[in-house]
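Please treat every number below as a calculation from the coordinates, not as lab data. Because the structure is predicted, anything quoted here is derived from the model rather than measured.
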Amino acid sequence: MEEETTQAPRKSSLIILIGALAVLTLVAGGGGWVVGGMLAPKPVTEQEARLIEAAKAAIASKEAAEKPAGEPGAKKDEGLPLIATEANGVVQLDPITTNLAYPSENWVRLEVALLFKGAPDVSVATQIHQDIAAYMKTVSLQQIQGPRGFQYLKDDIEERVDLRSEGRVTNVIFRTFVIQ
């Protein structure tokens, strides 16, 4: 009789182990499916394809206009098109170079691009450029030191851009930020 009682728990523990492995396998497969869906590239829509083709055509015409046909370097380089074009709603602002409020010996150089909702507005971009330049003259070195200071600066600039553009700018892209 004792042999029968010792055999029963082994079978039930084996069934529990197999069940647990099956559940873990399903959870792992589901997690892989979710992560794969998040990481997989989205299919390109017709509008995006037209924007890409327009950007490629603009780059090709610009390169053809810049290089004479007989020049040895006139061979067209194959490469990826620039993403930051006005056709894509991105406006690259001129670099902002100004001194800080304190210490006034320190200079800052900032390059920013603006992502517009719809067609870009150059007059709004110019106003934003001037607003950022004026704001940077009021910032001290202590305010922008370290990662937290840079994050505060970025948040302040994004807030100013949002107010100035009345919501037409969806993103502010910081390309370079140098303090000297």
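Observations
- Centroid-to-centroid separation of the range 116-133 and the range 20-34 [C-alpha atoms, Å]: 49 Å
- Entries of K56/K154; K42/K62; K62/K117; K42/K117 with Cα pairs more than 28 Å apart: K56/K154; K42/K62
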